[in-house]
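Visitor: Take this structure, written in structure tokens, and hold onto it; I'll ask about it next.
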Amino acid sequence: MAPYNAARAPVWQGKIAVEEAMNLPELAENISGAPSYTGGAGERLVKKLADIHGRIPEMDEHGIEHMIMSLTSPGPQGRANKADAEALAKRANDYLAAECAKNPARFSAYASVSMHDPAQAAQEVTRAIKELGMCGVIINDFQNVGDDNGVVFYDQPEYDIFWKTCADLDIVVYIHPRPPTPEVTDKYWSGRKWLNGAALSFTFGVAMHTLGLAVNGVFDRFPNAKVMIGHGGETIPYNIWRTNHRLELFARQRGMPMKHSLRHYLAKNIFITTSGFYSDPGMTAALVEIGADNILFAVDQPYEETAPATNWFDALQLNNNDKLKIGRANAIKLFKLKLPLDQPSS
């Protein structure tokens, strides 16, 4: 298959989209999350999730050279049975790595993992990176355990083996949203169902989980750990002053493990993307609070349309250096990508 054809793209060139979803063929009817995906929209979504290589003409049209793909949420995190979750992760990784190998100029992939057993998760991450050539790992918020209402998070010391492995491999852990449990859905969202999903509940879950990693000392135990979150940072950049203010006032008195300010981790350990968040004021706030080195372009395709994401980014009023970082250079650095546009011509 041909590499990115810059001559066909009339817009800002060579973008790398770092949060793009797919589904396994046998799970093609199993789309998660949002209640709005029904009828014809749901059918189109199912087809797009299952079709990786059919995205290339649209990528060319909108100046996207490369996509980093991942199994759609909730993936293994939605499997309460440990064996089922581990088998799904392995199957997804083998399939997605093979598909990306058909056209590595255009596609890379995150590994999926079951988080039932942190040691097994570390082993699967290692296999996916070293043997399959995947470029990072994606975890869809909390892991179901026991049943659909049982949950575990990864900010406690028993998960240190997972974080150490990822830090030693020097890879990014993308924390992606997933639907809340049935119990939480019933208690919090059933009376306001329109806010469940990407409109609000997804953001709450990932923000809490990411800040939990910070306050519980994961980034202090593993200073080289790298976490990425989408959708403009899931509100964290815009709440950072107040969250940090209250933590400094009171939380340290209660034995909080976190040793530095939240801004320290935002600068060193936490990266955000533009997936599904195409806002000029939002970008301005993120640039002020985080900086261009820690922001990356993404579409959230096919849950979001490509054109609005690229049209917004292409028109964004930024200096060329910051725009290159966000649209391309940060991804190349973080994911160690080697792409045709960066190779010397023969």
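Visitor: Can you name the number of the only condition in (1) of a type in the set (Phe, Trp, Tyr); (2) open to solvent by 30 Å² or more (accessible area, probe 1.4 Å); (3) within 30 Å of residue 297 (Cβ to Cβ) that residue 250 fails?
Guide: Unmet for residue 250, out of (1) of a type in the set (Phe, Trp, Tyr); (2) open to solvent by 30 Å² or more (accessible area, probe 1.4 Å); (3) within 30 Å of residue 297 (Cβ to Cβ): (3).
Visitor: Then there's this: In region 92-114, which residue that is of a type in the set (Gly, Ala, Ser) and surrounded by fewer than 21 Cβ atoms within 10 Å (Cβ to Cβ) is nearest to residue 324 (Cα to Cα)?
Guide: 105
Visitor: Which residue, of 280, 293, 314, 322, is open to solvent by 70 Å² or more (accessible area, probe 1.4 Å), within 30 Å of residue 104 (Cα to Cα), acidic (Asp, Glu) and out of contact with any strand residue (DSSP E or B) (no Cβ under 6 Å at 6 or more places or on another chain)?
Guide: 293
Visitor: With (1) part of a loop (DSSP other than H, G, I, E, B); (2) open to solvent by 40 Å² or more (accessible area, probe 1.4 Å); (3) more than 30 Å from residue 55 (Cβ to Cβ) as the list, and residue 198 as the residue in question, which single condition is left unmet?
Guide: Looking at each condition in turn, residue 198 falls short on (3).
Visitor: Let me spell it out: the conditions are (1) without any contact (Cβ under 8 Å) to a residue 60 or more places away in the chain; (2) under 21 Å from residue 83 (Cβ atoms); (3) open to solvent by 10 Å² or more (accessible area, probe 1.4 Å), and residue 191 meets all of them except one. Which number is the exception?
Guide: (2)
Visitor: Where residues in region 10-55 are open to solvent by less than 30 Å² (accessible area, probe 1.4 Å) and part of a helix (DSSP H, G or I), which of them is modelled with the lowest pLDDT?
Guide: Among those that are open to solvent by less than 30 Å² (accessible area, probe 1.4 Å) and part of a helix (DSSP H, G or I), it is 42.
Visitor: Search region 81-92 for residues that are touching a residue at least 12 places away in the same chain (Cβ under 8 Å) and pair each with any residue that is surrounded by 15 or more Cβ atoms within 10 Å (Cβ to Cβ) and among the charged types (D, E, K, R) when their beta-carbon atoms are under 7 Å apart and the residues are at least 6 apart or on different chains.
Guide: Once the first residue is touching a residue at least 12 places away in the same chain (Cβ under 8 Å) and sits in region 81-92, its partners that are surrounded by 15 or more Cβ atoms within 10 Å (Cβ to Cβ) and among the charged types (D, E, K, R) give 82/117; 85/79; 88/79; 89/124; 90/124.
Visitor: Looking for whichever is over 19 Å from residue 174 (Cβ atoms), charged (D, E, K, R) and modelled with pLDDT of 95 or more here; the options are 164, 90, 102. Which one fits?
Guide: Exactly one of 164, 90, 102 is over 19 Å from residue 174 (Cβ atoms), charged (D, E, K, R) and modelled with pLDDT of 95 or more, namely 102.
Visitor: For region 56-91, which residues satisfy the criterion of being among the charged types (D, E, K, R) and open to solvent by less than 20 Å² (accessible area, probe 1.4 Å)?
Guide: Hits for region 56-91 are 60, 65.
Visitor: Quick test for you: out of 216, 224, 239, pick the one residue that is of a type outside the set (Gly, Ala, Ser), surrounded by fewer than 17 Cβ atoms within 10 Å (Cβ to Cβ) and within 24 Å of residue 113 (Cα to Cα).
Guide: One residue alone meets the criteria, 224.
Visitor: On to the next question. So which residues in region 211-226 are more than 14 Å from residue 159 (Cα to Cα) and assigned to a loop (DSSP other than H, G, I, E, B)?
Guide: If the condition is that a residue be more than 14 Å from residue 159 (Cα to Cα) and assigned to a loop (DSSP other than H, G, I, E, B), then 223, 224 are the ones that fit.
Visitor: I want to confirm something. Restricting to region 115-133 and keeping residues that are within 19 Å of the chain's Cα centre (by Cα) and not polar (S, T, N, Q), which single residue is most open to solvent (accessible area, probe 1.4 Å)?
Guide: That would be 133.
Visitor: Just one of (1) acidic (Asp, Glu); (2) out of contact with any Pro (no Cβ under 8 Å at 6 or more places or on another chain); (3) in contact (Cβ under 8 Å) with a residue 60 or more places away in the chain trips up residue 186, so point out which.
Guide: Result: residue 186 passes all but (3).
Visitor: Look at residue 260 and say whether it is assigned to a helix (DSSP H, G or I), open to solvent by 30 Å² or more (accessible area, probe 1.4 Å) and out of contact with any strand residue (DSSP E or B) (no Cβ under 6 Å at 6 or more places or on another chain).
Guide: So residue 260 does not fit the description; no.
Visitor: For region 146-186, what are the residues that are part of a strand (DSSP E or B) and open to solvent by 20 Å² or more (accessible area, probe 1.4 Å)?
Guide: Residues satisfying the conditions are 151, 152.
Visitor: In region 263-346, which helices (runs of 4 or more DSSP H) lie fully inside it and hold 2 or more residues that are in contact (Cβ under 8 Å) with a residue 40 or more places away in the chain?
Guide: 280-289, 306-315, 330-335
The values are calculated or read from the model by the stated rules, or taken from the named source; none is laboratory data. Keep in mind that what you see is a predicted model, and the values were worked out from it rather than measured. Using ideal geometry, Cβ is built from the backbone for each residue, glycine included, and neighbour counts are taken over all protein chains shown. Note: accessible area is taken over every heavy atom of the protein model, side chains too, but ligands, DNA and RNA are not part of it. Shrake-Rupley method; radii C 1.70, N 1.55, O 1.52, S 1.80 Å.
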